[in-house]
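The values are calculated or read from the model by the stated rules, or taken from the named source; none is laboratory data. Given the structure is predicted, the values throughout are model-derived calculations rather than measurements. FYI the Cβ positions are ideal-geometry reconstructions off the backbone, even for glycines, and counts take in every protein chain you see.
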């Protein structure tokens, strides 16, 4: 197109200015894309971590267990785990028993939360157990092995291999005690867990409470987090036959985590708006300058018979090309930055202790990005849009030039 | 209440001791059966007593006077008489459940699992001790360690999956009269954690028993709990319905 | 003289100068606003963690804060409280006693933490009063009643006006027990406190626990919470031997890390923002120099040394920078003030969340701090100078003969 080749040539007449503006736009785009992908990656990891240790991407509960945590709200697992695991999007189903109780050693006693799990499934999925050495893992679902939170073991004055007794209140209101032996110790980094976690096989735990075969929670882990929206109704359908059970998404079951992410994201969006605003103003400035310095030339063009509209379109075209160039260069740089952040990431280990808690989940000290192509494309298009927006005023200005005055301009 | 447990313990140990002249691994099954039979024998024995408890810990000294009723291993009721501030506070145990009555607020509180590790009335006896005391024969196997002209020393080792925190318990039982002298509790590593010493042996009616029991934690040698029976009567004819929440609240 | 020339140059090309200045004004004011919002978030995080419960600084026996041992209580001697209240930077001091026990109503019994306070003094240090969802704060005097968390109230099934039974083991080994009237229910968003904390009257708790006249700690509120560690270190030597002062940094180490990482992200943002701004105004400065090539040529021809030309350009950029600074700071302050007073309420879509031991209310607001203004201002000048450097060099390197030939 004639207009565009003219616009392109105009851009490069003042190489330095165009390069600097292009640099500003592209680098801002790159940084914004990189930063967003970094947060995206960090959030995804936090969700992943929280989901696996907590309620899963989707959780099945009875009644209002998600809020009340009333251990009496247990239900028979029956064949639900198999049925749900058969869904293609599901990676694993973790049945869990949670019972408040007392742990006693010969010297001390502490209140604990007895957590009954399916060892094989749990050990494959639970991030707290990721670094657990093989010899410190539970061996069966009904044995007497127990994993203790690190702080708890200390307070009970026990060591690996020592025995202790757990007492819970069973369904009839009576106290039931069982012997367990410390098979391993878990350091989660979350104060509450380290002080009160006793992880055992779920059959043993359920039997103690007089609820054999029952669980308080079915945590469903999906192969991909994005499949949650589609899978939730499927799981709801499977449990529909059991009137007291509900399927909840992780946002509903762990609102703390969901909101922590949302708040952080809002503040980030605020910052991005500010950045783009600043850049846009720079672009307005530049375009205006370029129009101003060509007033004489524009005056001549108008005098020779070109319409004001044409001038307007010319300026818009210049801005569009600039925007597109920035889109290309910026996205390329943004992709490079993202690639680096995915492969290497930002290592904060020197500035932080091993683990930090955020939204109830442990926050990893190495920040890694995840590709969010949809967002990257969107923001790149915004940049083009902003460039066009920025050119509106200068374009109008250009169109309003009166040729006579213009030619008189210096 | 705890004394009842000890009495049962040493009673069946008595039978054990009589039956055994040699260490008895070969006769373990016989011993178990024997103990079990002895247990059955003491179902239904009731008692009513008045006792004093003196507690010395790092932080407090207490002296309590109490009245207690018991029936077999599963039921007992204790009411505090002195000091005046705590008069009327009572504890009821029915099988595995424990309740406390607090006269000042006129309320009954059931002791939840989280409180079971707590000290009973501020002593070295825990709520858990009260509940678990009667399970010794079920949870442990006994062998004769040593014998002297004065006493038998018998070791109890917990059965493989018994829900007990001790690594081992060692009893010293006097021969004449047949009374427990001392019980020592060890953790799994073999370190001594506490001991109970019996003294003040008297004849009450047809039975001979030590009226004073002292609990001593090993890690804190300055601390102890001393339980002493002022009076005790047996076979008083109360039934299980005596041990009720209503009676818990009665003054 | 050079300065006058610089100013006149600026004035001569008003439109361009205005454009440049406006770009810088917007950048700096937005940055001031952004930093203000960050500070707001940080203040919220810190305040939520410390002002609901912990206080900014705590005076207690050494080691008490690790295990909350009942027997680490002490009698505040002399005028400890008065001394604390008069210490520099202290806004309030509240004596407290802490015990653990059971609260019960009907068939329901749950463990709870009992915190004995003097209502009038506790109000000056913590702000549970602002988190009430039912009833009112503790009443002054003997029948103060209890304030409990929403989760605990729900589990017990109590409302303001209902009676609770409190059972605990007192310091003399006896069973402490009494009745309490529920005065109010709070919801902080922190599940630990909402499910386990009961606020009671200090003398009442002292009687219940048989610890007459004793307290475990004094919670202190500071004017500058971020200085807590320093103030604690300065305060400790002035206290009796058995007591130490400890700032929130030690009480909530997770919070300290959270703030440190927050500062890191803030720095990154600031750099990005100024980078964008710098590039934006670079063009303008270049333009202004390039346009006046001929003029510079003349100046050089009549004898002005290159270094003076460079200085001239730098002065121009600096002058514009100063102008923008004034306007930018003004605008930035205005925006920050608005955000500080009103802010953006997000509670429609977000509920309070926990973060490193504190709870964040769902909103964006700003806090005015000197560093939030000084930093952007100084950086602006620095960016100006840097952005002016290249064009200034360019101007200085002109060859008069060629320059004169330019149009």
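Please go through the range C:10-39 and pick out each residue that is touching a residue at least 12 places away in the same chain (Cβ under 8 Å), more than 9 Å from chain A (Cβ to nearest Cβ) and more than 17 Å from residue C:281 (Cα to Cα).
Listed by number, the residues that qualify are C:32, C:35, C:36, C:39.
Please give the number of the condition residue C:365 fails out of (1) surrounded by 16 or more Cβ atoms within 10 Å (Cβ to Cβ); (2) closer than 22 Å to residue A:278 by Cα; (3) modelled with pLDDT of 75 or more.
(3)
Can you confirm whether residue A:309 is at pLDDT 80 or above, touching a helix residue (DSSP H, G or I) at 6+ places or on another chain (Cβ under 9 Å) and exposed (fewer than 14 other Cβ atoms within 10 Å of the Cβ)? Break it down stepwise before answering.
Numbers: at pLDDT 80 or above: yes; touching a helix residue (DSSP H, G or I) at 6+ places or on another chain (Cβ under 9 Å): yes; exposed (fewer than 14 other Cβ atoms within 10 Å of the Cβ): yes.
When the stated conditions are applied, residue A:309 passes them.
Can you tell me which of A:187, A:157 is surrounded by fewer than 20 Cβ atoms within 10 Å (Cβ to Cβ), assigned by TED's automatic domain parsing to the domain that holds residue A:101 and touching a helix residue (DSSP H, G or I) at 6+ places or on another chain (Cβ under 6 Å)?
Exactly one residue qualifies, and that residue is A:187.
Using the structure shown, decide if residue B:139 is at positive phi and modelled with pLDDT of 80 or more.
Values: at positive phi: no; modelled with pLDDT of 80 or more: yes.
Criteria not met by residue B:139.
Residues to consider are C:161, C:176, C:151; find the one that is touching a strand residue (DSSP E or B) at 6+ places or on another chain (Cβ under 9 Å) and either within 30 Å of residue B:125 (Cα to Cα) or modelled with pLDDT under 90 (or both). I'd like the intermediate steps shown before the answer.
Values: C:161 fails: either within 30 Å of residue B:125 (Cα to Cα) or modelled with pLDDT under 90 (or both); C:151 fails: touching a strand residue (DSSP E or B) at 6+ places or on another chain (Cβ under 9 Å).
Of the residues listed, the single one that is touching a strand residue (DSSP E or B) at 6+ places or on another chain (Cβ under 9 Å) and either within 30 Å of residue B:125 (Cα to Cα) or modelled with pLDDT under 90 (or both) is C:176.
Which one of these is more than 24 Å from residue C:105 (Cβ to Cβ) and either within 11 Å of chain C (Cβ to nearest Cβ) or within 19 Å of the chain's Cα centre (by Cα) (or both): B:126, B:143, B:148?
Working: B:143 fails: either within 11 Å of chain C (Cβ to nearest Cβ) or within 19 Å of the chain's Cα centre (by Cα) (or both); B:148 fails: either within 11 Å of chain C (Cβ to nearest Cβ) or within 19 Å of the chain's Cα centre (by Cα) (or both).
Among B:126, B:143, B:148, only B:126 is more than 24 Å from residue C:105 (Cβ to Cβ) and either within 11 Å of chain C (Cβ to nearest Cβ) or within 19 Å of the chain's Cα centre (by Cα) (or both).
So which residues in the range A:232-252 are within 14 Å of another protein chain (Cβ to nearest Cβ) and in contact with a helix residue (DSSP H, G or I) (Cβ under 6 Å, 6 or more places away or on another chain)?
Quick first cut of the range A:232-252, residues within 14 Å of another protein chain (Cβ to nearest Cβ) only: A:251-252.
Selection gives A:251 alone.
Quick grid of which residues meet (1) surrounded by fewer than 19 Cβ atoms within 10 Å (Cβ to Cβ); (2) in contact (Cβ under 8 Å) with a residue 12 or more places away in the chain:
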site: A:215; (1), (2): no, yes
site: A:238; (1), (2): yes, yes
site: A:262; (1), (2): no, no
site: A:265; (1), (2): yes, yes
site: A:288; (1), (2): no, yes
site: A:302; (1), (2): no, yes
site: A:316; (1), (2): no, yes
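Are any of the residues in the range A:292-301 within 12 Å of chain C (Cβ to nearest Cβ), out of contact with any helix residue (DSSP H, G or I) (no Cβ under 7 Å at 6 or more places or on another chain) and under 30 Å from residue C:44 (Cα atoms)?
There is no residue in the range A:292-301 that is within 12 Å of chain C (Cβ to nearest Cβ), out of contact with any helix residue (DSSP H, G or I) (no Cβ under 7 Å at 6 or more places or on another chain) and under 30 Å from residue C:44 (Cα atoms).
Would you call residue C:203 within 30 Å of residue B:124 (Cβ to Cβ) and modelled with pLDDT of 85 or more? Let's see the steps before the verdict.
Working: within 30 Å of residue B:124 (Cβ to Cβ): no; modelled with pLDDT of 85 or more: yes.
It is false that residue C:203 is within 30 Å of residue B:124 (Cβ to Cβ) and modelled with pLDDT of 85 or more.
Is one or more of the residues making up the range B:35-57 part of a loop (DSSP other than H, G, I, E, B), at pLDDT 80 or above and more than 20 Å from residue B:211 (Cβ to Cβ)?
As a first pass, look at the range B:35-57 and keep what is part of a loop (DSSP other than H, G, I, E, B): B:43-45, B:57.
Narrowing further to those that are at pLDDT 80 or above: B:57.
So of that shortlist, the ones also more than 20 Å from residue B:211 (Cβ to Cβ) come out as B:57.
Within the range B:35-57 (the criterion being part of a loop (DSSP other than H, G, I, E, B), at pLDDT 80 or above and more than 20 Å from residue B:211 (Cβ to Cβ)), the answer is yes, since at least one residue qualifies.
Looking at the range B:117-158 only, could you name the residues that are in a strand (DSSP E or B) and over 29 Å from residue B:53 (Cα atoms)?
B:141, B:142, B:143, B:144, B:145, B:146, B:147, B:157, B:158
With respect to the numbered conditions (1) more than 10 Å from every other protein chain (Cβ to nearest Cβ); (2) at pLDDT below 90; (3) in contact with a helix residue (DSSP H, G or I) (Cβ under 7 Å, 6 or more places away or on another chain), which one is the sole condition not fulfilled by residue A:78?
(3)
Every residue, every condition in (1) modelled with pLDDT of 90 or more; (2) out of contact with any strand residue (DSSP E or B) (no Cβ under 9 Å at 6 or more places or on another chain), yes or no:
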| residue | (1), (2) |
| --- | --- |
| C:88 | no, yes |
| C:92 | yes, no |
| C:105 | no, no |
| C:108 | no, yes |
| C:111 | no, no |
| C:116 | yes, no |
| C:129 | no, no |
| C:135 | yes, no |
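Hey, can you tell me all the residues within the range A:116-141 that are surrounded by 15 or more Cβ atoms within 10 Å (Cβ to Cβ) and over 27 Å from the mean Cα position of the chain (by Cα)?
A:116, A:118, A:119, A:136, A:137, A:138, A:141 - these are the residues of the range A:116-141 that are surrounded by 15 or more Cβ atoms within 10 Å (Cβ to Cβ) and over 27 Å from the mean Cα position of the chain (by Cα).
Kindly indicate whether any position in the range A:186-193 is within 13 Å of chain B (Cβ to nearest Cβ), under 34 Å from the mean Cα position of the chain (by Cα) and under 23 Å from residue B:112 (Cα atoms).
Quick first cut of the range A:186-193, residues within 13 Å of chain B (Cβ to nearest Cβ) only: none.
Scanning the range A:186-193 turns up no residue that is within 13 Å of chain B (Cβ to nearest Cβ), under 34 Å from the mean Cα position of the chain (by Cα) and under 23 Å from residue B:112 (Cα atoms).
Scanning for something within 8 Å of another protein chain (Cβ to nearest Cβ), surrounded by 22 or more Cβ atoms within 10 Å (Cβ to Cβ) and touching a strand residue (DSSP E or B) at 6+ places or on another chain (Cβ under 7 Å), does the range A:106-114 turn up at least one residue?
Here is the first cut: in the range A:106-114, the ones within 8 Å of another protein chain (Cβ to nearest Cβ) are A:106-111.
Add one more test, that the residue is surrounded by 22 or more Cβ atoms within 10 Å (Cβ to Cβ), and what stays is A:106, A:109.
Subsequent filtering for residues that are touching a strand residue (DSSP E or B) at 6+ places or on another chain (Cβ under 7 Å) retains A:106, A:109.
Scanning the range A:106-114 turns up at least one residue that is within 8 Å of another protein chain (Cβ to nearest Cβ), surrounded by 22 or more Cβ atoms within 10 Å (Cβ to Cβ) and touching a strand residue (DSSP E or B) at 6+ places or on another chain (Cβ under 7 Å).
For the range C:147-174, which positions are under 35 Å from the mean Cα position of the chain (by Cα), under 20 Å from residue C:100 (Cα atoms) and away from chain B (no Cβ under 14 Å)?
C:147, C:148, C:149, C:150, C:151, C:152, C:153, C:154
Considering every residue within the range A:24-42, establish whether at least one is at pLDDT below 90 and out of contact with any helix residue (DSSP H, G or I) (no Cβ under 8 Å at 6 or more places or on another chain).
For the range A:24-42, residues at pLDDT below 90 and out of contact with any helix residue (DSSP H, G or I) (no Cβ under 8 Å at 6 or more places or on another chain): present.
If we only count helices (runs of 4 or more DSSP H) wholly inside the range A:223-305, which ones have 2 or more residues that are over 22 Å from the mean Cα position of the chain (by Cα) and under 30 Å from residue C:27 (Cα atoms)? So that I can check it myself, show each step before the final result.
Values: elements: A:228-239, A:250-253, A:255-293, A:295-304.
Once the helices (runs of 4 or more DSSP H) in the range A:223-305 are filtered for at least 2 residues that are over 22 Å from the mean Cα position of the chain (by Cα) and under 30 Å from residue C:27 (Cα atoms), what remains is A:255-293.
Looking only at the range A:354-361, decide whether some residue is more than 30 Å from residue A:403 (Cα to Cα), at pLDDT below 85 and either out of contact with any strand residue (DSSP E or B) (no Cβ under 7 Å at 6 or more places or on another chain) or not assigned by TED's automatic domain parsing to the domain that holds residue A:385 (or both).
Within the range A:354-361, the first condition is being more than 30 Å from residue A:403 (Cα to Cα), and the residues that meet it are A:354-361.
Then drop every residue that is not at pLDDT below 85, which leaves A:354-361.
Applying the additional criterion that residues be either out of contact with any strand residue (DSSP E or B) (no Cβ under 7 Å at 6 or more places or on another chain) or not assigned by TED's automatic domain parsing to the domain that holds residue A:385 (or both) yields A:354, A:361.
Checked against the condition, which is being more than 30 Å from residue A:403 (Cα to Cα), at pLDDT below 85 and either out of contact with any strand residue (DSSP E or B) (no Cβ under 7 Å at 6 or more places or on another chain) or not assigned by TED's automatic domain parsing to the domain that holds residue A:385 (or both), the range A:354-361 yields at least one hit.
Checking residue C:42 against (1) more than 14 Å from chain A (Cβ to nearest Cβ); (2) part of a helix (DSSP H, G or I), which single condition isn't satisfied?
That leaves (1) as the condition not met.
Does the range C:293-309 contain at least one residue that is in contact (Cβ under 8 Å) with a residue 40 or more places away in the chain, under 44 Å from the mean Cα position of the chain (by Cα), surrounded by fewer than 24 Cβ atoms within 10 Å (Cβ to Cβ) and part of a helix (DSSP H, G or I)? Spell out the reasoning first.
Here is the first cut: in the range C:293-309, the residues in contact (Cβ under 8 Å) with a residue 40 or more places away in the chain are C:293-294, C:296-298, C:300-301, C:306-309.
Of the ones still in play, those that are also under 44 Å from the mean Cα position of the chain (by Cα) are none.
No, the range C:293-309 contains no residue that is in contact (Cβ under 8 Å) with a residue 40 or more places away in the chain, under 44 Å from the mean Cα position of the chain (by Cα), surrounded by fewer than 24 Cβ atoms within 10 Å (Cβ to Cβ) and part of a helix (DSSP H, G or I).
Against the condition crowded, with 19+ Cβ neighbours inside 10 Å, farther than 23 Å from residue B:226 by Cβ and in contact with a helix residue (DSSP H, G or I) (Cβ under 9 Å, 6 or more places away or on another chain), how does residue B:130 come out, does it pass?
no
Among the residues of the range C:93-122, which ones are part of a loop (DSSP other than H, G, I, E, B) and touching a helix residue (DSSP H, G or I) at 6+ places or on another chain (Cβ under 6 Å)? Show your work before the answer.
Residues of the range C:93-122 part of a loop (DSSP other than H, G, I, E, B): C:106-107, C:118.
The one that is part of a loop (DSSP other than H, G, I, E, B) and touching a helix residue (DSSP H, G or I) at 6+ places or on another chain (Cβ under 6 Å): C:118.
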